[in-house]
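The values are calculated or read from the model by the stated rules, or taken from the named source; none is laboratory data. This structure is a prediction, so every number in the text was calculated from the model and none was measured. For neighbour counting, all protein chains shown are included, and Cβ atoms are generated from backbone atoms with ideal geometry for every residue, glycine included. Ligands, DNA and RNA are stripped out before the accessible areas are found, and what is left, the full protein with its side chains, is counted by its heavy atoms. Shrake-Rupley method; radii C 1.70, N 1.55, O 1.52, S 1.80 Å.
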Number of protein chains: 4
Amino acid sequence: MESRGRLKGIFTPNIVPLDRQGEIAEGELRRYVDWLIAHGVHGLYPNGSTGEFTRFTPEERKRIIEIIADQTAGRVPILAGAAEANTRETIRACEYYYELGVRAVAIVSPFYYRLTSEGVYAYFKEIADHSPIDITLYNIPLFASPIDVPTVKRLAAECPRVVAIKDSSGDLPHMMRMIAEVRPMRPEFSFLTGWDAALMPMLLIGCDGGTNATSGVVPEITRRLYDLTIEGRIDDARDLQYRLLPLFDTMLYSAEFPEGFRAALKLRGFEPGRGRQPQSEIQQLALQKLADQLQCLLAAEGFTSEPIAGCGVRPAVDPSQVARIVRQVMSELQAKG
Amino acid sequence: MESRGRLKGIFTPNIVPLDRQGEIAEGELRRYVDWLIAHGVHGLYPNGSTGEFTRFTPEERKRIIEIIADQTAGRVPILAGAAEANTRETIRACEYYYELGVRAVAIVSPFYYRLTSEGVYAYFKEIADHSPIDITLYNIPLFASPIDVPTVKRLAAECPRVVAIKDSSGDLPHMMRMIAEVRPMRPEFSFLTGWDAALMPMLLIGCDGGTNATSGVVPEITRRLYDLTIEGRIDDARDLQYRLLPLFDTMLYSAEFPEGFRAALKLRGFEPGRGRQPQSEIQQLALQKLADQLQCLLAAEGFTSEPIAGCGVRPAVDPSQVARIVRQVMSELQAKG
Amino acid sequence: MESRGRLKGIFTPNIVPLDRQGEIAEGELRRYVDWLIAHGVHGLYPNGSTGEFTRFTPEERKRIIEIIADQTAGRVPILAGAAEANTRETIRACEYYYELGVRAVAIVSPFYYRLTSEGVYAYFKEIADHSPIDITLYNIPLFASPIDVPTVKRLAAECPRVVAIKDSSGDLPHMMRMIAEVRPMRPEFSFLTGWDAALMPMLLIGCDGGTNATSGVVPEITRRLYDLTIEGRIDDARDLQYRLLPLFDTMLYSAEFPEGFRAALKLRGFEPGRGRQPQSEIQQLALQKLADQLQCLLAAEGFTSEPIAGCGVRPAVDPSQVARIVRQVMSELQAKG
Amino acid sequence: MESRGRLKGIFTPNIVPLDRQGEIAEGELRRYVDWLIAHGVHGLYPNGSTGEFTRFTPEERKRIIEIIADQTAGRVPILAGAAEANTRETIRACEYYYELGVRAVAIVSPFYYRLTSEGVYAYFKEIADHSPIDITLYNIPLFASPIDVPTVKRLAAECPRVVAIKDSSGDLPHMMRMIAEVRPMRPEFSFLTGWDAALMPMLLIGCDGGTNATSGVVPEITRRLYDLTIEGRIDDARDLQYRLLPLFDTMLYSAEFPEGFRAALKLRGFEPGRGRQPQSEIQQLALQKLADQLQCLLAAEGFTSEPIAGCGVRPAVDPSQVARIVRQVMSELQAKG
C-alpha cells in the first residue's frame, strides 16, 4: 500500500479504452497508465465521471481498479472511484480496493434521487464508519446530490476516514468556505478541484490540487500549470490557464461528455474505442468536426500535426495572443497602481 | 406471456420489502403483490423509482422481476423497470424479462450524465432496435435526462417497439403536446402519468392511466379516482383528487423519497423493513412523527385506527371539507354562468 | 364603480397599441377595448405582463388605466395592474385606480430582487393594509419572487382586501393546494390561472377563471373554452383546449414575449405598432416568418384569410384531427372500462 | 467631466440613506460620499443593485446622481446606474448624466422578462447607438437576463460606446472567457467583478477592478485587498480575502438584500434609515440579531466596539486563524513541491 500522506497534485480521472467488442481494452489501458505517469501526473483517479463509472458493471469497475493498481505498481497514488448501488456494496468495494493497495477512494454523493443534507450526511457517515480506507468526498452538484458546506464540516469533524473533498462545482467562494470551515480542525484535510478552467485560482486560494480531465489529454499542460502556480509564478501560470481554457471548453462543451475527451485522447496516440453511450448520426458527424478542431488546438500546442485539410482559418482568438494581452494590460494596471 | 393490448389503468410502482438483513423479503413481497391485485390495481411496475431500482444490484433487480412475475401468474400485466448500466446490459434485461412473460419494460432516460436530446434519442433507439419486448419511455426530468416532445415523436415514429411513455413531470400542457404529436400517427401509443397529484386532470386531457406511487399504499383511492374520472363523474372525481392530494404530498415531501411511502405501507399491515439509504438520527425522529401524521390521514379514510395518542388536533384543513366547499363554489359558478 | 362580487371568467391582459412615435395609440386602444368586450371577454386586465407594464413610465401606466376605464364605462370589470417602484407608490396607484372605478388591482410579487416568503408577505401586507381597493396577488415565478402556498394562506387570513390570486405557474397541483388552504376560510376568494394551455383542467379542479393572453387575440376561443368547461361539456372543451394549445405555444415561444401576441393581434385587424423592446434584424426576420405561421393557424380557425403564399405545407399536426383522435381513444377507454 | 481613461479599481455601489419619512436623506448621503472617498474607494456607483435603484422613482434616481455628482465634484469618477423603463427613457438618462459629468453609465440587462441573447443584444445596441456617454454592461444573471459571452463580444465589436462590463455572476471561467474574446480587439475594455468573495482571484486572472458592496461598509479592507493583489503580494491578499469572506457572506445571506449592508453601514456611524422594502416582524427581529453578529465581525477588524452583551461566544471560525492556517498549509505544499 502507498505510504499515507496528504492528497495533493494532479490526479487524472482517466478514460477507459474499449476494444471493438466494447470490452475493456486492457493492453491499451496499461499503456495509457504508463504514458500518464511518464508525463507527470501525480496520481490516477479511475472510475470517476470522465471514466464513465456508471456505464460499467460492478465487476468491470473492480477489474478497472485491478488493472490500474497492477500497472501503476506503486509509482503514483491511486484514488479509486468506489460508489456502488448502496452503502453495503460500496463498503465492500472500499475493502477490496484497500486490499489492492490504492491510496484512497472517492465516493460521489448519491445520485438519481436528490437527497437532503441529512441524507447525504447519513450516507457518507455509514460508509466512513465501516471503511478500512481513506475516503474522498466527491461533490458534483450538476450530476449528484450536492454536499453543502455544513455537511462537509460535519463529516470532517466526525469521520477520521474522510480525508479530502473533490469539488467539481467550479465555485471558488464555495471552495474557500469549505477550507475556512475544515482546515482549522483538520489541517491535513485535502481540497481538490475538478474544474480545470479554474485550476490556477483554486490553487491560489488554497486547494491542494485537482482531479482534472484535461490532465488525461494534455498532462504536460495541466501539470505545468500546477507547478507554475505553486511556485508563485503567477504571470506564467495565468498565461497557461488562458491557454488551457479553450482546450477544456472545447472538449467539455462540444460533445456529450466525455466524448470530447475521448476524441482528443485519440489524437494523442491512443485508441479509446467507441464509448458505451450510443451516438446518433448527427452526433457522429459532429464528433468528426470536433476532432479536426481539437487537432488544430493540440497542434498549436505542439502535441500533434495539423489535420490534412490544415487549420486554414485561424481560430478567431489565439490563446497565446490572449495571454500576452492580458499580461500587458495587467502590468500597466500594476504600474499605474 | 400477457396478451398484448394498450397499456392503461393504474400500475403500481411497488416498494420492495426488505428483511432484517436488508435482503429482499420474498414472502412479504409476494403477499404485497396479492394484496395490490386484490385491491384493484390494473398492473404492477417493479423496479421503478419508488422501487428504488438504483439501490439494488443487477442480480437483485432480476430477482425482483422473477418473484413478481411468478406471483402475479398472469393476473395483471407487469411493466418491468429494465434500465441497466449501458445499452447492452439493458437489452439483456429486456430479453430476460421477455422470457419471464412481462407485458412491457419501462426504461428511464440516462441519468447521472445529463444528455442532450440527440443522446437521449440515440440511447433509446439502440435499445428499441434490439429489444424483443415492448418499451415504455420513462421521463422524470427531476432525476434523469429529460425526454423532450420532439424526441418522443421521433422515437414513436421510428421504433414500433416503443409503445408508451410514462411521464413524471406533472406538467399537463407537456403531456398534451406529446399526445398531440404522437397519437395521430400511433393511436395505440399509451400515455401514463407518474404524478398522482394531477391524475384526474391528466386522464381528462387524454392519458391512458398512471404509474402512481399512492396506489401502492391506498390502491382503493387511486383506483377509484381512475374509475370515477373515466366514467365522467367529474364532481366525485374531483372530490377524491382533493382527498388524495394531502396523502400524496405528505408521503412525498415529508421525508427522503420513498421513505414516506414505506412508512405508510407499514400502516397498511406490511413490513417494508428499513430502506437501503441510511437515515440519520434526525431523519429517524422525523420519520416517527411522520408515521403518526400518516396514520391520522389514513385513519380519516378508514384504512387504519388512529394512533394511540389520538389525532387530537384536527388537521388544519380537512380534505372532505375542502372537497365539499370546492364543489359548492363550482356549482354556484355554473349556476350563474 | 362596478358592484362587487366574485372575480370570475376570462380577463384579457391586453396589449397597448403604440403609434409611429412609440406613444400610446389611444384611438386604437379604445377600438381594441370595444372589440374585446364585443367578443365576450368577462373583464379587462391592463398593465399585466402581456401589457408590458414595466416598459411604460408611471405616468403612462396611469394613463392606460384612465383610457380603459373611460372606454369600458362599466360594461365589464377592470383588473388593473398596480405594481409601482415601492409600496408607497403602489398604494397611491391603488387609490387612484379606486377613484377611477376599477373592480380590483393586480399586484405582481416584487421582482428583480428575489425575496424570501417573509419578504413577499411583508410587501403585500403593507399594501393590503393601506389599499382602498380589492387586491389580486399575482404569482409569476418565472419573472418575479414566488408567492408560495403558506404565504397565500397567510395573506388570505390576515387581509380582507386580498380577494384573489392570479397564478401563472401553470402548475395544477400548486393551484389545488392553494384552493385547499384558502377556500375553507375564504369561500369568496378567487383563483385565476394565467396559463392558457391548462385552462380547462384548471377550471375543472376549481379555478374561477383566467387572465389569459390568448383571449386578447382569439377571445372567441378562450371564452368558449371557459363556457364549455363550466357547462361540463368535457369532450367539447377538450377539443377546444387541444386547438388552443398550438396557438398559445406559437405566440408564446416563437418570439420574445409578447411579440408573438402583438403579431397575431395585427392579423385580427389592429395596429399594435412596434413594441418598446428593440428587435434585432434576425428577430425581425423571424417575426415576419412567425406572422405567416400565425396567419395559417388563425385562417384554420376562420379568423383570417390565408397568407398570399398560401399555407401550402399543411401543419404536421392538424389541431382538429388531434382533438378527434384523442376523443376517439378516450371513448374506447371508457367503453372498455 | 472626468478625463476619460480605463475604468479600474474599486467602485462603491452605495446605499442611499433615507430619512424618517422615507425620503432621500441628502445630508447623510453627502456625508457618506465624503467618507467613502476619504477611505480610498476609486469611484462611486450609485443606482446599482445595492443602491436599490428599482425602488426609487425615475425622478429620485436622477436626484441621487445629481447629489453625488455635486458632492464628488470630480474627486473620483462616477459610474451611474442608468436603466429606465425602456430604451428611450434610458437614453434620456444617459444624456442627463453626461451633462452632469459622470464618467460612464452602467446599464443592467433587461429584467422581469427574460430575454434571449438576440433581445439583450438589440437592447444594448439601441442604447449604445444613441448614448453620448460611455456604457458599462451590467450582467447579473440572478436578477436579470444573462449577457452571454458571444453577446458581450458582439457589443464590444460593434459599439465603441460600450467600454466595460460589470459581471456579478462570480463565475471565474466565465470572466476569463469574456476577457479572452474581447481584449484582443479592445485592449482598453474594462472588466469589473461584482462578486466580492472572488475579488482577489478575479483580479489575478485579469479583471480591472470591482463594484463591490463590501467597499461601502469596509472600504479599508476592499481597497487594501485590491492593492495587495495588484502589487502581487499574494499571501497577504489571500489572508485578506479570507477575512472579507465571512463579512460578505453575513451581510449578503443573513437578510433580504441589501438589508445586511444597511445594518452594517449603521455600525460604521451612518444613519441609512429603513429600507423601502417592508420587513415583517420576524425579519425585524432577525435584523436585530444580525446587527449584533455584524458588530462582532466589525469589532474583530477594529472598526467598532463590541456590542454591550459582548461577543462572548467566539465565532466558531476565526478569520485570522483561517488565514494563518491556509498560509501555512500552502507554504508546506510549496516547500515539498
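Remarks
- Percent antiparallel among DSSP beta bridges (both partners in the protein assembly as shown, rounded to 5): 10 percent
- Accessible area of the protein assembly as shown belonging to carbon and sulfur atoms, whole % at 1.4 Å probe: 51 percent
- Global form of the stretch D:207-334, assessed from the alpha-carbon gyration tensor, a/c cut-off 1.5: prolate
- For GluC sites (Glu not before Pro), the sites in the stretch C:205-284 that DSSP calls loop and that have at most 14 other Cβ atoms within 10 Å are C:Glu231.
- Where both bridge residues fall in chain A, DSSP classifies roughly 10% of the beta bridges as antiparallel.
- Closest approach to the axis carrying B onto C, counted by Cβ on chain B and given in whole Å with its residue, is B:Pro201, 2.
- Integer Hz, Karplus 6.51/-1.76/1.60 couplings in order for the stretch C:26-41, x for Gly and Pro: 4, x, 5, 5, 5, 4, 5, 4, 4, 4, 4, 5, 5, 8, x, 5
- Sparsely packed trypsin sites (Lys or Arg not before Pro) within the stretch C:30-112, loop by DSSP, other Cβ within 10 Å at most 15: C:Arg75
- Distance from the stretch C:276-297 to the stretch C:67-116 (C-alpha centre basis), Å: 31 Å
- Each of A:His130 and D:Arg31 was given a label point 7 Å from its Cα along the Cα-to-Cβ line. The distance between the two points is 6.5 nm.
- The stretch A:101-158, dipole about Cα centre (Lys/Arg Cβ +1, Asp/Glu Cβ -1), debye to the nearest 20: 140 debye
- Take the accessible area of chain C alone and of chain B alone, subtract that of the pair, and you get about 3800 Å² summed over both chains, using a 1.4 Å probe.
- For D:Gln288, label point 7 Å along C-beta direction: distances to other copies, nm: 3.5, 6.6, 7.3
- Taking Lys and Arg as +1 and Asp and Glu as -1, the other residues whose beta-carbon sits under 11 Å from that of C:Ala106 total +1.
- Amide H contacts of C:Asn212: C:Phe11, each under 5 Å away and 5 or more positions distant or on a separate chain (H built 1.01 Å from N in the peptide plane; Pro and chain starts excluded).
- Each of B:Pro110, B:Asn86, B:Ala73 was scored by the projection of its Cα onto the charge dipole of the stretch B:72-112, and the greatest displacement toward the positive side belongs to B:Ala73; charges sit on the C-beta of Lys, Arg, Asp and Glu.
- Probe 1.4 Å, all protein chains present, accessible-area order of D:Leu192, B:Leu142, D:Leu100, C:Leu287, largest first: B:Leu142, D:Leu100, C:Leu287, D:Leu192
- Here D:Cys311 yields copy-to-copy label distances, from shortest upward, of 5.3, 5.4, 7.1 nm, the label point defined as 7 Å from Cα along Cα to C-beta.
- Interface residues of the stretch A:137-165, defined as those losing at least 30 Å² of solvent-accessible heavy-atom surface relative to the isolated chain (probe radius 1.4 Å), are listed as A:Phe143.
- Cβ screening of chain C for cysteine pairs under 4.7 Å finds these without a partner: C:Cys94, C:Cys159, C:Cys207.
- In the stretch B:1-134 the Cα-Cα distances spread across 5 Å bins starting at 0 as 2, 10, 21, 23, 20, 13, 7, 3, 0 percent of all pairs.
- When the chymotrypsin sites (Phe, Trp or Tyr not before Pro) in the stretch A:212-294 are filtered for DSSP coil states and for at most 14 other beta-carbon atoms within 10 Å of their beta-carbon, no site remains.
- Estimated inter-spin distance, B:Asp70 and C:Glu158, nm [label 7 Å along Cα→Cβ]: 6.1 nm
- Over 25 Å (Cα to Cα) - which of B:Lys336/C:Lys166; A:Lys336/D:Lys166; A:Lys125/D:Lys336; A:Lys166/B:Lys166; C:Lys62/D:Lys166 fall in this group: A:Lys125/D:Lys336; A:Lys166/B:Lys166; C:Lys62/D:Lys166
- Annotation for C:Ala335 and A:Arg186: the two label points, set 7 Å from Cα along the Cα-Cβ direction, are 6.7 nm apart.
- Since only A:Leu18, A:Tyr123, A:Asn139 are under comparison, the one whose Cα sits farthest along the positive direction of the charge dipole of the stretch A:1-141, derived from C-beta charges on Lys, Arg, Asp and Glu, is A:Asn139.
- Magnitude of the charge dipole, chain B, Cβ model with Lys/Arg +1 and Asp/Glu -1, debye to 20: 440 debye
- Its Cα gyration tensor gives chain A an equivalent ellipsoid, and the semi-axes of that ellipsoid, as √(5λ) in whole Å with the largest first, are 31, 26, 18.
- Per-residue [θ]222 nm for the protein assembly as shown (sum of -39500 (n - 2.57) over DSSP H runs n ≥ 4, rounded to 500): -15000 deg cm²/dmol
- Size-normalised alpha-carbon gyration radius of the protein assembly as shown, reference 2.2 N^0.38 Å: 0.94
- 3J(HN,Hα) along the stretch A:258-269: x, 4, x, 6, 4, 4, 6, 4, 4, 5, 8, x Hz, from the Karplus curve 6.51 cos²θ - 1.76 cosθ + 1.60 with θ = phi - 60°, whole Hz, x for Gly and Pro.
- Dipole check for the protein assembly as shown: with +1 at the C-beta of Lys and Arg, -1 at the C-beta of Asp and Glu, and the Cα centre as origin, the magnitude is about 0 Debye.
- Separation of alpha-carbon centers, the stretch A:229-250 and the stretch D:15-62, rounded to whole Å: 40 Å
- Max-minus-min Cα coordinates of the stretch C:135-198 on each principal axis give 29, 20, 17 Å, with the largest extent listed first.
- Normalising the average separation of contacting C-alpha pairs (under 8 angstrom, six or more residues apart) by the number of residues puts the relative contact order of the stretch D:54-209 at 17 percent.
- For the stretch B:202-289: relative contact order, % (alpha-carbon pairs under 8 angstrom, 6 or more apart): 22 percent
- Mean separation of Cα contacts under 8 Å, 6 or more apart, over the residue count of chain C: relative contact order %: 17 percent
- The residues of chain D have, on average, 35 Å² of accessible surface per residue, using a 1.4 Å probe with all protein chains present.
- Residues in the stretch B:31-56 that a label on B:Glu99 would reach, taking backbone N under 13 Å of a point 7 Å out along Cα→Cβ: none
- Here C:Glu60 yields copy-to-copy label distances, from shortest upward, of 2.1, 6.0, 6.3 nm, the label point defined as 7 Å from Cα along Cα to C-beta.
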